[in-house]
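**Q** Just passing along the structure, written as structure tokens.
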Amino acid sequence: KYKQIALPKQSKDELYQMGETFNEMIAQLKRNYEKQEQFVSNASHELKTPLTVIESYASLLKRRGLQQPELFQESVEAIHSEAIRMKELTQQLLLLARQEDQWNVEMKFVHLATLGEESIRSFKAAFNRRIEMKVEQDVVVKVDEQKLKQIFYILMENAHKYSEAPIIVIVRREADKGLIEVKDEGVGIPNEELSKVFDRFYRVDKARTRKTGGFGLGLSLAKEMAKAIQADLTLESVEGGGTTARISLKIDKTH
Ligand code: ADP
């Protein structure tokens with residue numbers, strides 16, 4: 001599709017240097033463009049699946065809904081749940097489409113232990129899942145509370161989806177960093193996949209995750225948000241042995 005534009009490389013003079021820079025810029029643009037193309041294609045594909053289900057049930061209702069009332073409940077439920085899936089996906093896509101400066105970050109002082117407890121409480125209520133919290137050391141960090149909660153929520157959702165045993169959340173300090181760790185003893189992630197799970201739409205086991213309902217966008221969104229609030233997000237995992245997701249934030253020294 002593209003023609004590689006190559007400037008002459010006869011000598012190591014200025015023109016040659018410029019040519020090198022130019023070629024590197026073009027290669028970078030090409031990589032970005034291809035990534036963008038892949039992203040749009042994945043997003044369209046993911047939206048098409050629920051739309052197809054909605055379309056078939058709606059047409060079934062149109063044709064036979066009046067004669068077969070028992071069809072009604074099943075169709076409405078399917079349409080409703082697929083519409084929810086589409087809404088979730090579009091919400092995530094809109095967030096991912098944001099540029100770095102569009103995140104509206106509001107930094108304020110937050111106790112990690114308090115933030116953890118609040119998030120866990122609402123998570124437990126929504127998912128009815130056992131979560132154990134251990135506060136080794138509470139720390140105060142300066143952070144956007146809402147976004148940190150969103151990241152934390154994504155990590156807890158993953159621990160919930162990919163493990164059976166209780167989830168453990170640890171708040172602690174390491175050197176000048178405050179850490180929140182979400183530990184599970186679930187299926188884990190193979191070593192060679194560990195860096196890829198942050199890619200948009202990447203799922204380790206496509207069949208398994210379709211069943212659990214993910215799009216493969218949670219971790220990439222969490223990573224972008226972490227960048228916006230100056231936090232680090234890393235994963236450690238053993239295939240078959242569980243995963244630890246770690247959010248690390250610089251401790252505020254004035255507190
Ligand atoms: P998804 O919506 O599919 O969960 P994510 O971006 O949150 O998307 O995660 C990408 C993939 O990483 C998941 O599909 C799953 O294969 C893997 N993964 C993420 N968290 C965990 C975990 N705690 N344990 C095992 N695998 C995980």
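Quick note: the coordinates plus some simple rules give every number you see, no bench work behind them. None of these values were measured; they are calculated from a predicted model. Positions of Cβ are generated from backbone atoms using ideal geometry, with glycine treated the same way; all protein chains shown enter the neighbour counts.
**Q** What's the extension gain from residue 137 to residue 239 if we count 0.36 nm per residue and subtract their Cα-Cα distance?
**A** 33.8 nm
**Q** Hey, rough spin-label estimate for residue 196 and residue 227, points 7 angstrom out along Cα→Cβ, what's it come to in nanometres?
**A** Once both label points are built, they end up 2.1 nm from each other.
**Q** Can I ask one more? FRET efficiency for residue 45 and residue 130, Cβ-Cβ distance as r, R0 = 41 Å, nearest 0.05?
**A** 0.70
**Q** Okay, moving on. Show me 243-249, 83-89, 33-39 ranked by packing, highest mean number of other Cβ atoms within 10 Å first.
**A** Peptide ranking by packing, descending: 243-249, 83-89, 33-39.
**Q** If you stretched the chain out fully between residue 64 and residue 52, how much longer would it get, using 0.36 nm times the residue separation minus the C-alpha to C-alpha distance?
**A** Extending this stretch completely gives an extra 2.5 nm.
**Q** Only Lys, Arg, Asp and Glu count, each charged at its Cβ (+1, +1, -1, -1), so figure out the dipole size of the chain about its Cα centre, rounded to 20 debye.
**A** 540
**Q** State, to one decimal in nm, how far the label point of residue 121 lies from the label point of residue 80, with both points 7 Å from Cα in the Cβ direction.
**A** The two pseudo-label positions are separated by 2.9 nm.
**Q** Also: Spelling out what I want: for every residue of the stretch 154-167, take phi, set θ = phi - 60°, compute 6.51 cos²θ - 1.76 cosθ + 1.60 (Karplus), and round to whole Hz; glycine and proline get x.
**A** Working through the residues one at a time gives 4, 5, 5, 4, 5, 4, 5, 6, 9, 8, 10, 5, x, 8 Hz.
**Q** Right, here's the next one. Rounded to the nearest 500 deg cm²/dmol, what is the calculated helix-only ellipticity per residue at 222 nm for the chain, with -39500 (n - 2.57) per DSSP H run of length n ≥ 4?
**A** That calculation yields -17500 deg cm²/dmol at 222 nm.
**Q** Okay, next question. Per-residue counts of other Cβ atoms within 10 Å, averaged by peptide: what ranking do you get for 109-119, 178-188, 12-22, highest first?
**A** Ranked by mean Cβ neighbours within 10 Å, highest first: 178-188, 109-119, 12-22.
**Q** Just need the relative contact order of the chain here, percent rounded to a whole number, with Cα pairs under 8 Å and 6+ apart.
**A** Over the chain, the number comes to 16 percent.
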